[in-house]
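Throughout, read-outs are computed from the coordinates displayed, never taken from laboratory work. From a predicted model like this one, the values you see are computed outputs, not experimental measurements. Ideal geometry is used to build each Cβ from the backbone, glycine not excepted, and the neighbour counts take in all protein chains shown.
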Amino acid sequence: MIAPNKATAIGALFLVCISLFAFEKENVTIRGSFENSRFAFESKMKGTVAFMGGSITEMNGYRTMLMEFLKNRFPETEFSFINAGISSTCSTTGAFRLQRDVLSKGPIDLFFLEFAVNDDQDAGHSYDECIRGMEGIIRQVRNTNPSTDIVVTYFVNPKMLKQIQEGKNPLPMAAHEEVLEKYQISRIHLARELAQQINKGEFSWEKFGGTHPKAPGNRLCADMHQRLLNLAWSGPSPSSTIKHHIPENLIDPHSFTDGRFMSPSKIKLNKGWKFSEPVWGSLKG
């Protein structure tokens, strides 16, 4: 016979498991657990939350909305927020600057990541390049701190939106999804959600605000994140942290899992290589 309190807890956990399974086929996809970040926020009363991506992350958009959500949900928690968004940077750049911009700040409890748009329009990456950058970032985070909870978001530009509306899967999203499935990383498919709502006449590209979303677009994105986190944190409070699983084998052996910055003055260049820096003031824009 199960004690009433224990039975209630098991029942709640069972319902959460059913809910998580139901969300697997939606644009809000939960994989794995978010109990580690919840334990930090509720039990330790401290939390470090990092955001990494391009200009969509750097700007005051969905990032600041999620910061307010977290502060309101955990009013007694002391948060440290890291804005590691840098305009026009891609997942390759992310893998190489991750140590400097995020991991050097100490253990990260919750990590938000987006590079789908910039891997497309800024870098023009191939499928393999998208894999190497995203896998490099995810594996570095997990190797440094296996307790870090991660969410990846697919933002969208006009070209990718058109592809989704035609039933196609934009290349960066397909590549990133392969990484997320292997490493069991949760995902917000904002791009597909927007395309579906536009097709139903419930939203428009103009209302969304374009590649760099305006308030309504960022609100749509933040609401999707809140759905994911509220569901993930809906069960009994955790009593400890767990280590997320790290697959033994890489998808691509050339992924940037050891990406880092090094000083040019300390590097011995092989024949055919040279170091140069642009004259930044002469470049348009």
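Is at least one residue of the range 134-151 of a type in the set (A, V, I, L, M) and closer than 16 Å to L229 by Cβ? Yes, there is a match, as at least one residue in the range 134-151 is of a type in the set (A, V, I, L, M) and closer than 16 Å to L229 by Cβ.
Would you check if there is a residue in the range 70-88 being under 17 Å from the mean Cα position of the chain (by Cα) and touching a residue at least 60 places away in the same chain (Cβ under 8 Å)? Steps first, answer last, please.
In the first step, residues of the range 70-88 are kept if they are under 17 Å from the mean Cα position of the chain (by Cα); the result is 70, 81-88.
If we keep only those that are touching a residue at least 60 places away in the same chain (Cβ under 8 Å) as well, we get none.
Looking for residues that are under 17 Å from the mean Cα position of the chain (by Cα) and touching a residue at least 60 places away in the same chain (Cβ under 8 Å), one finds none in the range 70-88, hence no.
Mind checking which residues of the range 160-190 are farther than 30 Å from P238 by Cβ, surrounded by 17 or more Cβ atoms within 10 Å (Cβ to Cβ) and aliphatic (A, V, I, L, M)? Correct list: M160, L161, I164, L171, M173, A175. Restricting attention to the range 32-64, the residues being part of a loop (DSSP other than H, G, I, E, B) and crowded, with 24+ Cβ neighbours inside 10 Å number 1.
Scanning the range 155-207 for residues that are more than 19 Å from F51 (Cβ to Cβ), within 17 Å of the chain's Cα centre (by Cα) and charged (D, E, K, R) yields E177, E178, E181, K182, R192, E193. Taken over the range 66-90, the criterion of being farther than 17 Å from E42 by Cα, touching a strand residue (DSSP E or B) at 6+ places or on another chain (Cβ under 9 Å) and assigned to a loop (DSSP other than H, G, I, E, B) is satisfied by I86, T89. Just for the range 106-159: of the residues that are assigned to a loop (DSSP other than H, G, I, E, B) and touching a His at 6+ places or on another chain (Cβ under 6 Å), which one is surrounded by the fewest Cβ atoms within 10 Å (Cβ to Cβ)? Looking at the filtered set, the residue picked out is P146.
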